[in-house]
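Reading through the structure tokens given below for one structure.
The values are calculated or read from the model by the stated rules, or taken from the named source; none is laboratory data. Treat the numbers as computed from the prediction; the structure is a model and nothing was measured. For neighbour counting, all protein chains shown are included, and Cβ atoms are generated from backbone atoms with ideal geometry for every residue, glycine included. The accessibility values were calculated without ligands, DNA or RNA, using every heavy atom of the protein model including side chains. Shrake-Rupley method; radii C 1.70, N 1.55, O 1.52, S 1.80 Å.
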Amino acid sequence: MCTLERQYPKDLVALARYINEPDFPSTFKSFLYSMRHPTRPIPDDVDTHVHFSGKIHVFHSAIAWFYAPSDLCGPCGMYRQRVRTNPSWYGHSRHDTVFVVQDENEPGMKGMLIAQVRLLFSFMDRETAEQGKPVQCALVNWFLPASDQRDPDTGMWTVKPEGTRRHRPVQVIPLKSIARGAHLLPKYGVGSLPDNITHLNDLNNFKEYFVNPYIDHHCHEFLSE
């Protein structure tokens, strides 16, 4: 991750209030329980099973590295991409969308989900295998597959937001599960768009989205499998 943002509360509950994500403490404890007990199912009353009093450190961006020899890149074909989640990016909030690996054995979108990053953070925990090392995480909203087949007209995969406009569930995931940045295109209907829909809020106002494979050569190959 990049520069530590010092204006955020470091307490879990206070941070959840600060970023207006009331479900953050619960999903954080579910993630922590799964780290401490990787072979056990997460109990329904996970809040009573997990105690955490450590500090949480927030970041506004992270770097994704991946092999992309066909693109303009650095030595040995490695390409660097910055993922941002910033409440004030040139006067507006910015929360990038990313590919998240779910199954490394499945190619392309069959092994991926799309998420929008709400928060990047790290913490220390003495009760996990990562003791002594910062655990780097992301708080995300999901865009779930709208179909198990590509769109017949465009050949693109389609996704839909999980939850409703009023409530989008959040989940904590390990930062290392993020493969790279993603780009979603709204799946438009018929007629004119309302004036209040812009590039700043379009990820909250459509029922489905296309996963754009044309943002760079690596993404095109990534999704062609």
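Just one residue in the set Arg40, Arg17 is at pLDDT 95 or above, open to solvent by 50 Å² or more (accessible area, probe 1.4 Å) and either outside any strand (DSSP E or B) or hydroxyl-bearing (Ser, Thr, Tyr) (or both); that residue is Arg17.
Specify the residue that is nearest to Thr97 (Cα to Cα); the eligible residues are those in segment 117-141 that are polar (S, T, N, Q) and either open to solvent by less than 60 Å² (accessible area, probe 1.4 Å) or more than 17 Å from the chain's Cα centre (by Cα) (or both). Working first, answer last.
So in segment 117-141, the residues polar (S, T, N, Q) come out as 122, 128, 131, 136, 141.
Of the ones still in play, those that are also either open to solvent by less than 60 Å² (accessible area, probe 1.4 Å) or more than 17 Å from the chain's Cα centre (by Cα) (or both) are 122, 128, 131, 141.
Details: Ser122: 19, Thr128: 29, Gln131: 30, Asn141: 9 Å.
Only one residue tops the list, namely Asn141.
Name the residue that is most open to solvent (accessible area, probe 1.4 Å), counting only residues in segment 1-14 that are charged (D, E, K, R) and assigned to a loop (DSSP other than H, G, I, E, B).
Taking segment 1-14 as the starting set, the residues that turn out to be charged (D, E, K, R) are 5-6, 10-11.
Checking which are assigned to a loop (DSSP other than H, G, I, E, B) leaves us with 6, 10-11.
Numbers: Arg6: 182, Lys10: 66, Asp11: 86 Å².
Step by step, filter segment 1-14, then rank; the result is Arg6.
Close Cβ contacts (under 7 Å, 6 or more residues apart or on different chains) running from residues in segment 28-53 that are closer than 25 Å to Arg118 by Cα to residues that are acidic (Asp, Glu) and open to solvent by 50 Å² or more (accessible area, probe 1.4 Å) comprise Lys29/Asp47; Arg36/Glu127.
Going by what's in this entry, would Glu221 be described as among the acidic types (Asp, Glu), under 30 Å from Leu12 (Cβ atoms) and not in a strand (DSSP E or B)? Judged against the criteria, Glu221 is not a match. Pairing residues of segment 200-225 that are over 17 Å from Lys187 (Cβ atoms) with residues that are in a helix (DSSP H, G or I) and open to solvent by less than 40 Å² (accessible area, probe 1.4 Å), at Cβ distances under 6 Å and at least 6 apart in sequence or on separate chains, gives Glu225/Gly108.
Checking each residue in segment 114-159 for being among the hydroxyl-bearing types (Ser, Thr, Tyr) and without any contact (Cβ under 8 Å) to a residue 40 or more places away in the chain picks out only Ser147.
Which residues, taken from segment 28-46, are touching a helix residue (DSSP H, G or I) at 6+ places or on another chain (Cβ under 9 Å) and closer than 20 Å to His167 by Cβ? Passing the criteria: Phe28, Lys29, Ser30, Val46.
So if I check each of Phe52, Phe31, which one is modelled with pLDDT of 90 or more, out of contact with any Phe, Trp or Tyr (no Cβ under 6 Å at 6 or more places or on another chain) and outside any loop (DSSP other than H, G, I, E, B)? First the steps, then the outcome.
Details: Phe52 fails: outside any loop (DSSP other than H, G, I, E, B).
Going through Phe52, Phe31 in turn, just one is modelled with pLDDT of 90 or more, out of contact with any Phe, Trp or Tyr (no Cβ under 6 Å at 6 or more places or on another chain) and outside any loop (DSSP other than H, G, I, E, B): Phe31.
Being over 18 Å from Asp216 (Cβ atoms) and in a helix (DSSP H, G or I) is the filter here; which residues of segment 81-121 pass it? First the steps, then the outcome.
The first filter runs over segment 81-121 and keeps only residues over 18 Å from Asp216 (Cβ atoms), leaving 85-95, 100-107, 110-111, 113, 115-121.
Within segment 81-121, Lys110, Gly111 qualify.
When segment 20-37 is filtered for residues that are open to solvent by 30 Å² or more (accessible area, probe 1.4 Å) and of a type in the set (A, V, I, L, M), only Met35 remains.
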